[in-house]
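The values are calculated or read from the model by the stated rules, or taken from the named source; none is laboratory data. Quick caveat, the model's predicted, so the values are computed rather than measured. Every residue, glycine among them, receives a Cβ derived from its backbone with ideal geometry; neighbour counts consider all protein chains shown.
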Amino acid sequence: MIKDILKGKSLGRILMNNYCQKYLSGLEGKIIDFGGGGSPSYYKYFNNEVEIIRTDYDGSKQPDLIVDLNEPFPIETDSFQTAILFNTLYILDRPQESIKEIKRVLKKDGKLYLTVPLIFNEAPEPVDYWRFTSMGIKKVLSEAGFKNIELHKIGERFSSAISLANPFRKLKYLNLVFYPMALFLDWVLPNKIKEKHPCPLGYFIICKK
């Protein structure tokens, strides 16, 4: 965490990368990363055996495949064992339809790894439409036909509070104190509150076709 803080990474990104390290490092086969143009930091967690197809609507990011997630995908049905959609669903016009398209291109029992923000400032890229609660994202995924939906909270209310205080992110040495303090306060918060009234930065989700 210290290295990531000194690199200027947000607390949300640090916590998300912890989940990426845990769940992505064991993946095998052919993976499609929707919105993965460029060189995302989580790629370092994949083993050398996987084949990653990076997609983006912006050709300047040099993706392997140009895909507009608001339109039917130019991808054959049942093509991939794994799909990734990180921090992208909130900018899509019709997220339910996009999720159905992702399900279509996955093979039987294929998995989708997904992250969505909840407590987060507006971030137009160039638009910003949605925030998904735990019940909301489960509804979108289950109605698209996904099953075995696992939700993992990215932080809790103290992590959210520190992250919303955006100027602190630039004060890297102060974050050496603020970030661990926020995580400690998240940890000591009564479980009753965390379970009935969650307030995370977002969710890391795994589900199966």
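Given the options TYR43, TYR90, name the one that is aromatic (Phe, Trp, Tyr), in contact (Cβ under 8 Å) with a residue 24 or more places away in the chain and outside any loop (DSSP other than H, G, I, E, B). Only one candidate qualifies: TYR90. Being surrounded by fewer than 18 Cβ atoms within 10 Å (Cβ to Cβ) and either among the charged types (D, E, K, R) or at pLDDT 95 or above (or both): is that true of THR77 here? So THR77 passes the test. Pairing residues of region 66-86 that are without any contact (Cβ under 8 Å) to a residue 40 or more places away in the chain with residues that are in a strand (DSSP E or B) and among the aliphatic types (A, V, I, L, M), at Cβ distances under 8 Å and at least 6 apart in sequence or on separate chains, gives PRO74/LEU65; ASP78/LEU106. Look at GLU122 and say whether it is more than 17 Å from PHE34 (Cβ to Cβ), assigned to a loop (DSSP other than H, G, I, E, B) and charged (D, E, K, R). Taking the combined requirement at face value, the residue satisfies it. Taking region 4-39 as the range and being outside any helix (DSSP H, G or I) and aromatic (Phe, Trp, Tyr) as the test, only PHE34 passes. Scanning region 134-181 for residues that are in contact (Cβ under 8 Å) with a residue 60 or more places away in the chain, among the polar types (S, T, N, Q) and in contact with a Pro (Cβ under 9 Å, 6 or more places away or on another chain) returns SER134, SER159.
Determine whether PHE46 is within 16 Å of ILE205 (Cα to Cα) and touching a strand residue (DSSP E or B) at 6+ places or on another chain (Cβ under 8 Å). No, not satisfied. Look at region 130-164 and say how many of its residues are in a loop (DSSP other than H, G, I, E, B), in contact with a helix residue (DSSP H, G or I) (Cβ under 8 Å, 6 or more places away or on another chain) and not aromatic (Phe, Trp, Tyr). Going through region 130-164 one residue at a time, the tally reaches 5. The numbered conditions (1) surrounded by fewer than 16 Cβ atoms within 10 Å (Cβ to Cβ); (2) closer than 23 Å to VAL105 by Cα are all true for GLY8 except (2).
Considering region 85-133, and only residues there that are among the hydroxyl-bearing types (Ser, Thr, Tyr) and surrounded by fewer than 19 Cβ atoms within 10 Å (Cβ to Cβ), the residue that is nearest to ILE206 (Cα to Cα) turns out to be THR133.
If you go through region 22-77 and keep only what is among the aromatic types (Phe, Trp, Tyr), more than 15 Å from the chain's Cα centre (by Cα) and closer than 19 Å to LYS107 by Cβ, you end up with PHE46, PHE73.
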